[in-house]
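As structure tokens, the structure follows; a few thoughts come after it.
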Amino acid sequence: MPGPVKLYGIPRSRAFRCLVALEETGVEYELVPTDFTEGVKSPAFRAINPNAKIPALVDGETVLFESLAINLYLMRKYGDLWPRTVEDEGRVFQWTLWTATEIEPPQMQWAYNTFVRPADQRDPAEAAAGAERLKAPLGVLETVLADRDHLLGAAYSPADLQVSCVLYTAWFNGFDLAPFPKAKAWLDRCLNRPAVLRARNMREAA
């Protein structure tokens, strides 16, 4: 019998997103601690991900990297979150690509210059610029969520998981979401689901 799915990474990294997907699907898994420095340099890990970045996933003969791609695979193969129609499947892909291109770059510009880098390496102007850029995609979410509880409609879906797990960084670290009450309420719902709380406990205790 094949062993559990193996996720390489640490909770305080983009591997957090994959921990959420693993917890939501209920698949048996093992977290293989692999850090940003020495862990990713090892020949054994480079054989799994030649980019030398975390996370990476091994599921039997399947080897994947890129957190959002890993999540698509996990939710497509395991659990019951994956949509039943091709149309909603397309929307999951849409929101996944959107969050990678529209949310993550400005969010990380803000985060690196607000709390990630040492204080003497932060640029307040860059932080402000990232925060300003992030307002546009948050406004998109505010509009979409004006008449629905989740991105595809009434029910939580992989689209919600992907976008909310990326936005966890802003949500958890004090980004001002007051101008976006619908988006904030949606994030509160998504990021306090039981499976997400289990992943958050791993990340926030680290």
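The values are calculated or read from the model by the stated rules, or taken from the named source; none is laboratory data. Please read these numbers as outputs of a predicted model, since none were measured by experiment. Here the Cβ is made from the backbone with ideal geometry for all residues, glycine too, and neighbour counts use every protein chain on show.
Can you find a residue in region 34-49 that is in contact with a Phe, Trp or Tyr (Cβ under 8 Å, 6 or more places away or on another chain) and within 30 Å of ALA129 (Cα to Cα)? No, there is no match, as no residue in region 34-49 is in contact with a Phe, Trp or Tyr (Cβ under 8 Å, 6 or more places away or on another chain) and within 30 Å of ALA129 (Cα to Cα). A residue that is more than 22 Å from ASN71 (Cα to Cα), assigned to a helix (DSSP H, G or I) and without any contact (Cβ under 8 Å) to a residue 24 or more places away in the chain cannot be found anywhere in region 163-173. Name the single residue, out of those in region 1-47 being surrounded by fewer than 19 Cβ atoms within 10 Å (Cβ to Cβ), acidic (Asp, Glu) and not in a loop (DSSP other than H, G, I, E, B), that is farthest from the chain's Cα centre (by Cα). Result: GLU38.
Taking every residue in region 142-159 that is of a type in the set (A, V, I, L, M, F, W, C) and surrounded by fewer than 13 Cβ atoms within 10 Å (Cβ to Cβ) and pairing it with any residue that is at pLDDT 95 or above and not in a loop (DSSP other than H, G, I, E, B), at least 6 positions away or on another chain, the pairs with Cβ-Cβ distances below 7 Å are ALA146/LYS182.
Quick grid of which residues meet (1) within 25 Å of TRP171 (Cα to Cα); (2) in contact (Cβ under 8 Å) with a residue 60 or more places away in the chain:
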residue	(1), (2)
ALA44	no, no
ILE48	no, no
LYS53	yes, no
VAL58	no, no
GLU66	yes, no
MET75	yes, yes
ASP80	no, no
ARG91	yes, yes
GLN109	yes, no
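Quick check: is even one residue across region 48-63 assigned to a helix (DSSP H, G or I) and modelled with pLDDT of 95 or more? Checking region 48-63: at least one residue is assigned to a helix (DSSP H, G or I) and modelled with pLDDT of 95 or more. Restricting ALA205, ALA199, ALA178 to residues that are over 19 Å from SER67 (Cα atoms), of a type in the set (Gly, Ala, Ser) and modelled with pLDDT of 95 or more narrows the list to ALA178. The residues in region 174-206 that are on the phi > 0 side of the Ramachandran plot and in contact (Cβ under 8 Å) with a residue 60 or more places away in the chain can be counted, and the count is 0.
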